[in-house]
Every structure is written in structure tokens, then in C-alpha cells.
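All remarks here apply to the structure that follows.
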Amino acid sequence: MAEIVEVKVGDKVYQLPVIEGSEGEKAIDIAKLRAESGLVTIDPGFKNTGSTQSAITFLDGEKGILRYRGYSIEELAEKSSFLEVSYLLINGELPSFTELEMFKSDITHHTLIHEDIKSILDGFPSNAHPMGVLSSLVSSLTAFYPESLDPNRSAEGVNLSILRILAKLPTMAAWAYKNEIGHPVNYPDNRLDYCSNFLKMMFALPTDDYEVDPVVADALDKLLILHADHEQNCSTSTVRLVGSSHASLYASLSGGINALWGPLHGGANQAVIEMLEAIKADGGDVNKYMDKAKDKNDPFRLMGFGHRVYKNFDPRAKIIKKAADDVLAKLGINDPILEIAKGLEEVALSDPYFVERKLYPNVDFYSGIIYRAIGIPTSMFTVMFAIGRLPGWIAQWKEMRENGEPIGRPRQIYTGANLRPFVPMGNR
Ligand code: ACO
């Protein structure tokens, strides 16, 4: 017998079905509530509202669990590769050896971007933030591949759009960086793996030889895995919402990139490093900044702390903290910023303000330190997040389309003026 929740309004009782997910999560299905009772629910920021039923990522914020398609993030980070994880997220199952080789080869085949995209890039001022450039270039793919505008075309057609964007996003990202520093762009080197190719496009100069450091490429691959999906977060919900109007994959992804950009979401990794730099420049007094973070009259927040769903610890932060130590040790880097980060973490974890509010370091607290160590400039941190999150956005967009979900269109409670007569200009 299915579980029912009863809602009593006056002397009327409405029965609402309870649905249960495969991990025992329960939700009250209110889809018919308005039609039957005239009532809607309200939940600003969707803090307690499920927008979909999804089979991609499972997350338990209280227990600190994150799984892609049933596989734990710890195991995937240790044993898998970013492209294998991408395949898993998008197709639902781990690939066979042949499937993975084919997937890699297809992606490698599409890494080049249309030469005319360079003229779009040239139109941006050199101080353009790479996230703005990236979202524009991704959106421009709709013009270069007009057939991609139809999200209802054949599965092969959709798959081709998916392979193209997985292949081209690193090229676009590296080009956005080259634009920022005013250097000539590098073309992809298809002899290299996904991360090594990206690093070469980022850092090779026509004046010098460039060898990709495998330690750096491995660290990057792991970071991308950790960012690959995170169920219905702000940018993913944006991708699904844009796509729900049957806008194309590239238009939806461009929207997701913009949503990710904000400092309360993916932009936090850049904000963390800027905050740590500011603390260092101000003499390194961690306690002073802890006090600022706790002061309700001060808008300062401890960037990289707190999370909408993790109220225990962010399992990705645990893996990344260790990876940061490993990478810095392997590269022989002694970064004073890391010491400040550790100091902040130590104080925060024992401070009642942070303990009571369950504010723990999130994935962005340490990812910036690794990016810095491997030479990624601060303005590119959120772009790195976008490259990592891409397969998740694609998987979520595809699932939404395949499930035939309706257009996303929330309700509201109107709080403005009631009907009033127009007042002519002379009488105002
Ligand atoms: N520093 C100081 N206080 C904080 C912080 C912080 N980083 N985060 C939350 N709080 C406090 C709030 O002031 C609030 O206190 P109150 O109850 O006394 O009013 C309480 O903790 C709850 O915070 P909310 O903002 O209501 O929590 P919400 O779930 O809406 O926000 C968010 C989550 C946006 C991540 C928030 O913790 C934050 O701004 N963190 C810093 C930015 C950041 O690191 N973002 C990256 C998130 S991870 C990601 O996107 C990959």
C-alpha cells in the first residue's frame, strides 16, 4: 500500500502520494495539489523541493556520500579516468574496453574548432573574463552546427553534438585564456590524452618546448572526476530548465556555464584564492577573518565553506585535500597560501559558529590550491570547474529530454499592488 500524506485545509483533507527513491529518499508528490485545492507550495531557493526523479547521481549530505550511477566518488577518483567517468554519467554504465577506446577516439577526432570561432574570440577585449568568453563560444556552436538546434533529432545526431562539445570545450577554454593574456592560440595535439592536450594548449608557447608533466595531468584528471556531476545544483538545474523549453544542448550548456560563474557556486574556487591572498597580504591573521565571517553586519563570508546539501562533510573536499598535499609534495611546491587555508580550516572546525551551522570546507576550498600548484591562473579556475562539470550537465540534459519532462515553470505568490486605476502624468 503506497504511503499517503494528508493535508488539511479548513475542513477538507487532500491526500498526497509519497514517492520513494532507490536509496529510500521520500518525497510528497504535490503535482495535483493546486488543481484540487487551489494551493501551491512555496520554497525560495528550492531548499526542500525536488525538481525531478534522476538516476544519475546520489548524494547524502548528512552522511557525506556522493555516487555517480551507483559508484562511489572515492572509488572513481582512485580507479577511473575522467573520460571513463564521462561515459558512465552520459550512458549509464561503465564502458567496455572497446567502447572506451571508441569514445576516446571520437572525442579526439573532434577537438579542432571552426577557424571562424577565432574571429569571435578576437572580438573580445583582452581583459574579458574567460567564463564569459566560454559561454559565448559554446553558444556560438549553435551557428556552426545548426542541425544541433533540434533536440528531437535522432539519437546519433544528439550523440554527435555531445561528442563535439566534450572534444571542443577544452580547446575553447584554452583559447579563452590565450585571449586573456594576448598570446597566440595553440591547436589541439591529438596524440595526447584529454588532460595533457588541454595543458599543452594552455601553456605551450611558440618560443619554447613544452612537455606535459604527468603528475600535473593526473592531478587535473582527478579534479575533473570530482567535479563531474552533483545532481540538481544551480548550474545543472539551469541546464535542465533551459533545455526543458526544447532549447538546444549548446544553448542549455551555455546557460549552465553562466550559472556556474557566480561566487556562491563555481566561482567560489576563484574567490577562495582571492580571499587567501587577501589574508596573506593583511599579515596572515586567520582569526581576524573568522571574526569578520561571523559578524552579521559584515558581508564577508568564508569562501569555500558551507554547502547547500552537505551538512556533515563534502566527500570531494576530503579527497581533494589529500590530493593537494600529494601534488604539492610531488612538485616540490611550498605554498604559504596552503598554510593559511589549513589554519582557517582548523579554527573553523572547532568554532561554535561554524560547528552549529554545520559549515565544513567544500570542494572549492582546496581545488584552487591544486590549480595554482599546477600553474592554472586564478581567472581560469571556474573554467576548469566547467570542463569537469560538462559530462554531468550533458547527462542531466539527456535524461530530462529522454524522460520527456515538461517545461520548467515555477509558480509564485504575488505580493505587489492590487488593481488600481492608471494616473495620468499631470495628476502624479
Ligand atoms: N561563512 C560564514 N557564514 C556562513 C557561510 C560562510 N561561508 N556559509 C553559510 N553561513 C551562515 C549563514 O550566514 C547562515 O547563518 P544564520 O543561520 O545565522 O543566518 C547559515 O550559515 C546558513 O547559511 P545559508 O546562506 O542560509 O546557507 P545556504 O544553503 O543558502 O548557502 C552556500 C550555501 C551558498 C554554499 C553558503 O554556505 C556560502 O555562501 N558559502 C560560501 C561560498 C562557497 O563556498 N560556495 C561554493 C559552494 S560549493 C559549489 O558550488 C561547488
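The values are calculated or read from the model by the stated rules, or taken from the named source; none is laboratory data. As the structure is a prediction and not an experimental result, all values here were calculated from the model. All Cβ positions, glycine included, derive from the backbone under ideal geometry; neighbour counts span all protein chains shown. Heavy atoms of the whole protein, side chains included, go into the accessibility calculation; ligands, DNA and RNA do not. Shrake-Rupley method; radii C 1.70, N 1.55, O 1.52, S 1.80 Å.
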Here region 56-212 gives, from Cα atoms, an Rg and Dmax in Å of 17.5, 52
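Using a 1.4 Å probe over the heavy atoms of the protein chains, calculate the carbon and sulfur portion of the accessible area of the chain as a whole percent.
On the way: 11380 of 21590 Å².
For the chain, the apolar C and S fraction of the accessible surface comes to 53 percent.
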Taking a probe of 1.4 Å and leaving out DNA, RNA and ligands, the chain shows per residue an accessible area in Å² of 50
Expected max-MSF residue from GLN396, GLN53, GLN232 in the GNM of the chain (alpha carbon, under 10 Å) is GLN53
Charge dipole of region 4-50 built from unit charges on the beta carbon (Lys, Arg +1; Asp, Glu -1), centred at mean Cα; most positive-end Cα among ASN48, ALA27, VAL7 is VAL7
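Do any trypsin sites (Lys or Arg not before Pro) in region 145-193 lie in a DSSP loop with no more than 14 other beta carbon atoms within 10 Å, and if so, which?
ARG153, ARG191
Between rounded, prolate and oblate, where does region 300-343 land on the alpha carbon gyration tensor, with a ≥ b ≥ c its root eigenvalues, rounded for a/c under 1.5, else prolate if a/b exceeds b/c? It would help to have the intermediate numbers written out before the result.
Numbers: a/c = 3.83, a/b = 1.60, b/c = 2.39.
Verdict is oblate for region 300-343.
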Per 10 angstrom bin, beginning at 0 and ending with the bin that holds the maximum distance, the Cα pairs of region 74-406 fall in percents of 5, 26, 34, 24, 10, 1
Distance in nm between ALA281 and PHE144 label points, each 7 Å along Cα→Cβ, equals 3.7
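What is region 1-89's relative contact order, in percent, from Cα pairs under 8 angstrom and six or more apart in sequence?
Values: 76 pairs, mean separation 11.6, N = 89.
For region 1-89, the relative contact order is 13 percent.
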In nm, the gap between the two label points placed 7 Å beyond Cα toward Cβ at GLU211 and VAL40 is 6.2
Residues whose modelled amide H sits under 5 Å from the amide H of ALA204, counting only those 5 or more places away in sequence or on another chain, are none
Given a Förster distance of 30 Å, the FRET efficiency implied by the Cβ-Cβ spacing of LEU94 and GLU115, rounded to the nearest 0.05, works out to 0.25
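Relative contact order for the chain: what percent, with Cα pairs under 8 Å and sequence separation of 6 or more? Working shown, then result.
Working: 563 pairs, mean separation 83.3, N = 428.
Here the relative contact order equals 19 percent.
What does the charge dipole of the chain about its Cα centre add up to, to the nearest 20 debye, if the Cβ of each Lys and Arg holds +1 and the Cβ of each Asp and Glu holds -1? If you can, show how the numbers build up before the last one.
Values: 44 positive and 56 negative charges, 316 e Å.
In total the dipole reaches around 1520 debye.
Greater than 30 Å separation of Cα atoms is the criterion. Which listed pairs, LYS222/LYS296; LYS294/LYS318; LYS104/LYS398; LYS104/LYS322; LYS222/LYS358, meet it? Write down the numbers at each step before the final one.
Values: LYS222/LYS296 37 Å; LYS294/LYS318 24 Å; LYS104/LYS398 20 Å; LYS104/LYS322 28 Å; LYS222/LYS358 27 Å.
Flagged as over cut-off: LYS222/LYS296.
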To the nearest 0.05, the calculated FRET efficiency linking VAL355 and PHE422 through their beta-carbon distance, R0 being 45 Å, is 0.20
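For ALA77, what is the net charge nearby, where nearby means another residue's Cβ is under 15 Å from its Cβ and Lys, Arg count +1, Asp, Glu -1? Present the calculation step by step, with values, prior to reporting the outcome.
On the way: positive: ARG67, ARG69, LYS79, LYS222, ARG316, LYS318, LYS321, LYS322; negative: GLU74, GLU75, GLU78, GLU84, ASP218, ASP221, ASP229, ASP314, ASP325, ASP326.
Around ALA77, the surrounding residues sum to -2.
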